[in-house]
2 protein chains.
Amino acid sequence: MIDITDRVRNKDLLGKIVSAEEVANWIQPGWTIACSGFTASAYPKAVPLALAERMKKDPFQVNIWTGASTGPELDGALAEVKGIKQRLPYQTDSKLRPLINDGTVDYLDLHLSESAQLTRTGFIKKKPNFALVEACAITEEGNLIPTTSLGNAASYVQNADTVVVEVNTTQPLELEGMHDVYVPLDPPNRLPIPIVHADDRIGTTFIPCTPDKIKYIVPCDVKDHTRDLSPIDENSKKMAAFTLEFLKAEIKAGRMPKGLLPLQSGVGNVANAVLEGFVEGDMTDLVVYTEVIQDAMLDLIDAGKLKFASGTAFSPSPAGMDRFYKGIDKYRKYILLRPEEISNSPEVVHRLGVIAMNTALEVDIYGNINSTHVTGTKMMNGIGGSGDFARNAYLTIFYTPSTAKGGKISSVVPFCSHIDHTEHDVDVIISEYGIADLRGLEPRTRALEVINKCAHPDYRPMLLDYYERALAATKKAATPHLLHEALSFHTRFLETGDMRKF
Amino acid sequence: MIDITDRVRNKDLLGKIVSAEEVANWIQPGWTIACSGFTASAYPKAVPLALAERMKKDPFQVNIWTGASTGPELDGALAEVKGIKQRLPYQTDSKLRPLINDGTVDYLDLHLSESAQLTRTGFIKKKPNFALVEACAITEEGNLIPTTSLGNAASYVQNADTVVVEVNTTQPLELEGMHDVYVPLDPPNRLPIPIVHADDRIGTTFIPCTPDKIKYIVPCDVKDHTRDLSPIDENSKKMAAFTLEFLKAEIKAGRMPKGLLPLQSGVGNVANAVLEGFVEGDMTDLVVYTEVIQDAMLDLIDAGKLKFASGTAFSPSPAGMDRFYKGIDKYRKYILLRPEEISNSPEVVHRLGVIAMNTALEVDIYGNINSTHVTGTKMMNGIGGSGDFARNAYLTIFYTPSTAKGGKISSVVPFCSHIDHTEHDVDVIISEYGIADLRGLEPRTRALEVINKCAHPDYRPMLLDYYERALAATKKAATPHLLHEALSFHTRFLETGDMRKF
């Protein structure tokens, strides 16, 4: 067995060290397991793998709560054996996704900032059967030193009567001190979250826990299964350039302070391109208040452009992780991980005045956003934290390439087939064709702005035709629509495989 | 002229007293006028009436910013002469509504909590041409004592270079002290809003202003044009009873503290019925953190059930207003008016854990809410503050009678024709048939809950049929829909005048 004795600083706890199989055998069908993990960072690995092995012979299901998505050792392995009944609050696993879309898995797609409170208050279920948390080490007091993310781990540990800790020996002890753990009281006792700057520390460097709560400790030497970044494509580069141009113009117009405001960016190609744009750009002293910290942040640090980055997960590529570990003494001064209830807190996001940059699956001509459902029915990933930021940001930008599937799908449609962010919450939409600045525009003007600036030229005539006929048919109603055609782009795609008319 | 010399305490300002006509003649076409007023409370009356008179002979348009809706002397009079070009952030006037739906008026339907910031930061337009504010009195320092609402008045005065004050002699001076004016700094300088209890005072009892900013002072003796309450109908009584039953069960289940949490309720029949339900009920020490304070609050005070009510507008019926004025020495201890940026603050709403109770125009089977658009195209009123509360509340309830137009419209539809609040934000839907408790339910289960608990029995078979065929067609996708039929209830209504199939 992997030796973790030096990482379990309370020696009375050494007797609780068991194998992952022993924990897997203890788990009962129907249990709710509240896990650490946010993206492929700091999720438990050994116990889920052993549980999946057991389920191969002895099929049953459990409920899995996490911070957000996880890696293949948790969502992937359990999906493979159809071992998950309820899953919340977010996921991205390619094996789990089909099960959400065939009735096998009950998927609760929640605003990430709300997921901890929804479980604490019992709105979903008051207590998980146990909390399963990856840690770097356990202190003498029984507190847990987190690894590469915080997610909902602290809240889950607080609310659970029983805790199982995976001590992961691949995670360096230098991570200690990079976390700021604060779990708010619930109403009527909640106080202001005292963060006024992105780098303010308000909590502990550990997840509070006690030795008696810890039932089992499992050694683990499986690394975070983070993904390689795909190279930045041309469309993403264009959207990044538009963003920088737009933000500079905002500063010049006096609508944005000179040093910008804290940046939030979603995960993926566009987010990565935008941040890389800042690496090349001339703005300095950038501040980030986001969910997920990826490779571009290391580039920004090395380029001397980043003042501070606050997030809930550190989830770079494998190469980025190596680079981080090698330079950890430097990088740790710039990076702080918080619970997602704080990284995504409406209160803090609004106070700091975050610039929210997230990707849409599709947008409609009035500025509504679909972040979750392909053709309105199939869950892709989930809303994640996009709503936390979009709703409360100082400036809310959504990105989408103008088309998908080689032009067969227009990302700009008359009416979104599912709406996760409403027109009220969206300031700016950017595609590789341009910037639709919707601020201060009423819906009829917004429609023209979105069509003319963001839609693909192949689709502009179709969209304009829809809009103009809707305008005439409704005699210039506030939000013109032809309801019998509003979803026709989608139905045409479902019938012919192409949104275009030929 | 009406004598206001005793209400203008800075005697140097007496020379600025002019007639409403003089101010009306000074106003230029295309100007933006930022007004006080939230509901039919504390909106300017004399100047808009005079401006409308001038526009009858000399037609032109101005932009009107307010706190929310106003009374007929502002929105109604200017709509009658087509004198409004841009209008924000909310309205309810029956003469203005058609102009929003025929292309005459550019209506910006904004989250109320955001409207002040959107103008302060220049996202819409940095400076109004002047701020037009109703006041009880002007202090020696030039500060303004507000009347029956605060709305955005303080922020508008702060941002304007020029202020015109309507001193309203129908408003008693006893209103002084009932306000708590706090305008947050904008990022990057924003600090926590230090409200921890609904009755915390954090600001001034006046709108800060200076004598040099005040250009004109206009006497006015026109009363707030508040509306009579319609008698509470049977459906509202049923929804109110369901609410009380539900909240009691929540307390019993330990999901709600014994004394409940602060109540927010929208304006109208259902809200009124719910609050009247509390008057009859056995819960005491109720706290209200809401936008609009109406008659039911006086009933709660008289019944000894209310501890405190915080809002931004005091807008009772004319009879309620008389009753308030007669008992003002008592009532003023229980009521505090704040800027809408604070009464609707996401930060404070989330911290206090408000119970948000708002009315929907229609709901869909997955829990999305249409608050604004009739058949998806015609603006009814606007989103108002419903999104501020729904998104950040501890518990979010939406109400709708199951049908409208004598059964010809089902308020429960397969897919909302416009979405203002997404499934992610909605906990509970209540109709006169029952309570759909959507917490912890995935979409497929939510659909059955909404249909079976809230839909009218005439529509349940149609909705179930839609859902079951969608489930089969999508092979149990996460959110089953038949996109070519999703809006068929609405198109049938537009074609036949009835959503039912015969």
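The values are calculated or read from the model by the stated rules, or taken from the named source; none is laboratory data. Please read all numbers here as calculations on a predicted model, not as lab measurements. Here the Cβ is made from the backbone with ideal geometry for all residues, glycine too, and neighbour counts use every protein chain on show. The area values use the complete protein model at the heavy-atom level, side chains included, leaving out ligands, DNA and RNA. Shrake-Rupley method; radii C 1.70, N 1.55, O 1.52, S 1.80 Å.
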Legend entry - Shielding by other protein chains, A:480-490, mean Cβ within 10 Å: 6
Inset, instruction - State to the nearest 20 debye the size of the charge dipole of region A:234-496 about its Cα centre, where the only charges are +1 on K and R beta carbons and -1 on D and E beta carbons. - result: 260 debye
Legend entry - Members of region B:379-416 that become less accessible by 50 Å² or more once partner protein chains are added (1.4 angstrom probe, chain alone as reference): B:R391, B:Y394, B:F415
Inset, instruction - Give the carbon-plus-sulfur fraction of the accessible surface of the protein assembly as shown in %, rounded to a whole number; probe 1.4 Å, heavy atoms of protein chains only. - result: 52 percent
Legend entry - Rounded to the nearest 20 debye, dipole of chain A from Cβ charges on Lys, Arg, Asp, Glu: 800 debye
Inset, instruction - In nm to one decimal, list the spacings between the B:D322 label point and its equivalents in the other copies, with label points set 7 Å along Cα to Cβ, shortest first. - result: 8.4
Inset, instruction - Can you tell me the alpha carbon radius of gyration of the protein assembly as shown divided by the globular rule-of-thumb value 2.2 N^0.38 Å? - result: 0.93
Legend entry - Cα convex hull volume per residue for region B:371-436 (Å³): 93 Å³
Legend entry - Folded to 0 to 90 degrees: helix B:269-280 orientation relative to chain B principal axis, Cα: 90 degrees
Inset, instruction - Identify all lysines with a Cα-Cα distance to A:K378 below 19 Å; exclude those on the same chain that are fewer than 8 residues away in sequence. - result: A:K82, A:K85, A:K95, A:K405, A:K408, B:K475, B:K476
Inset, instruction - Using a 1.4 angstrom probe on the protein heavy atoms only, line up A:R120, A:R201, B:R255 by accessible area, largest first. - result: A:R201, B:R255, A:R120
Legend entry - Fraction in percent of alpha-carbon pairs per bin - 10 Å, chain A: 4, 20, 29, 25, 15, 6, 1, 0
Inset, instruction - Can you sort A:V374, B:V47 by 1.4 Å-probe accessible area, starting with the largest? - result: A:V374, B:V47
Inset, instruction - May I ask for the accessible area buried between chains A and B, both sides summed, probe 1.4 Å, to the nearest 100 Å²? - result: 6500 Å²
Inset, instruction - Name the residue farthest towards the positive end of the dipole of region A:11-220 from the options A:G76, A:G122, A:N143, assuming +1 on Cβ of Lys and Arg, -1 on Cβ of Asp and Glu, about the Cα centre. - result: A:G122
Inset, instruction - Just tell me how shielded B:108-121 is by partners: mean number of partner chain Cβ atoms within 10 Å of each residue's Cβ, no decimals. - result: 3
Inset, instruction - Can you list the distances in nanometres, one decimal and ascending, from the B:P457 label point to the identical position in each other copy, with the point 7 Å along Cα to Cβ? - result: 6.1
Legend entry - Neighbour net charge for B:S236 - beta-carbon separation under 12 angstrom, K R +1, D E -1: -2
Legend entry - Distances in nm from B:A253 to the matching label points in the other copies, shortest first (labels 7 Å along Cα to Cβ): 4.7
Inset, instruction - Quote the relative contact order of region A:11-220 in percent (integer), defining contacts as alpha-carbon pairs under 8 Å separated by 6+ residues. - result: 23 percent
Inset, instruction - Kindly list the residues of region A:129-149 that lie in the label zone of A:Y325, defined by a backbone N under 16 Å from the point 7 Å along the Cα-to-C-beta vector. - result: A:135-137, A:147-149
Inset, instruction - For region A:5-100, just list the percent of Cα-Cα distances falling in each 10 Å bin from zero outward, please. - result: 17, 48, 26, 9, 1
Inset, instruction - Calculate how large, on average over all directions, the projected area of the Cα convex hull of region B:150-306 is; give the answer in nm² to one decimal. - result: 12.4 nm²
Legend entry - In nm, spacing of pseudo-spin labels at A:D58 and B:M1 (7 Å Cα→C-beta vector): 9.1 nm
Legend entry - Computed FRET value (nearest 0.05) for B:I251 with B:L448, which takes r as the C-beta separation and R₀ as 22 Å: 0.25
Inset, instruction - Enter the accessible area of B:K125 (Å², nearest 10), with the probe set to 1.4 Å and all protein chains included. - result: 80 Å²
Legend entry - Neighbourhood charge, 11 Å Cβ-Cβ cut-off, centred on B:H373 and excluding it, Lys, Arg +1 and Asp, Glu -1: -3
Inset, instruction - Sort B:477-485, B:381-389, A:274-282 for me by packing, meaning the mean count of neighbouring Cβ atoms within 10 Å per residue, highest on top. - result: B:381-389, B:477-485, A:274-282
Legend entry - On Cα atoms only, tilt of A:460-473 relative to the major axis of chain A in degrees: 70 degrees
Inset, instruction - Give me the net charge of A:K223's neighbourhood, meaning all other residues with Cβ under 12 Å from the Cβ of A:K223; Lys, Arg count +1, Asp, Glu -1. - result: -4
Legend entry - Shielding by partners, peptide A:434-444 (average Cβ within 10 angstrom, other chains): 4
Inset, instruction - Using Cα positions and a limit of under 14 Å, work out the aspartates and glutamates in reach of A:K11, with same-chain residues fewer than 8 apart set aside. - result: A:D3, A:E140, A:E141, A:D212
Inset, instruction - Taking only protein heavy atoms into account and a 1.4 Å probe, give the accessible area per residue of chain B in Å². - result: 32 Å²
Inset, instruction - Would you tell me the accessible area of A:D199, worked out with a 1.4 angstrom probe on the heavy atoms of the protein chains, in Å² to the nearest 10? - result: 80 Å²
Inset, instruction - Could you tell me which of rounded, prolate or oblate describes region B:11-220, using a ≥ b ≥ c as the square roots of the eigenvalues of the alpha-carbon gyration tensor, with rounded for a/c under 1.5 and, failing that, prolate when a/b is larger than b/c and oblate otherwise? - result: oblate
Inset, instruction - Treating the angle as unsigned and between 0 and 90°, give the value, to the nearest 10°, between the Cα long axis of helix B:234-252 and the longest Cα principal axis of chain B. - result: 80 degrees
Legend entry - Protection proxy ranking of B:241-253, B:347-359, B:130-142 - average other beta-carbon atoms within 10 Å, highest first: B:347-359, B:130-142, B:241-253
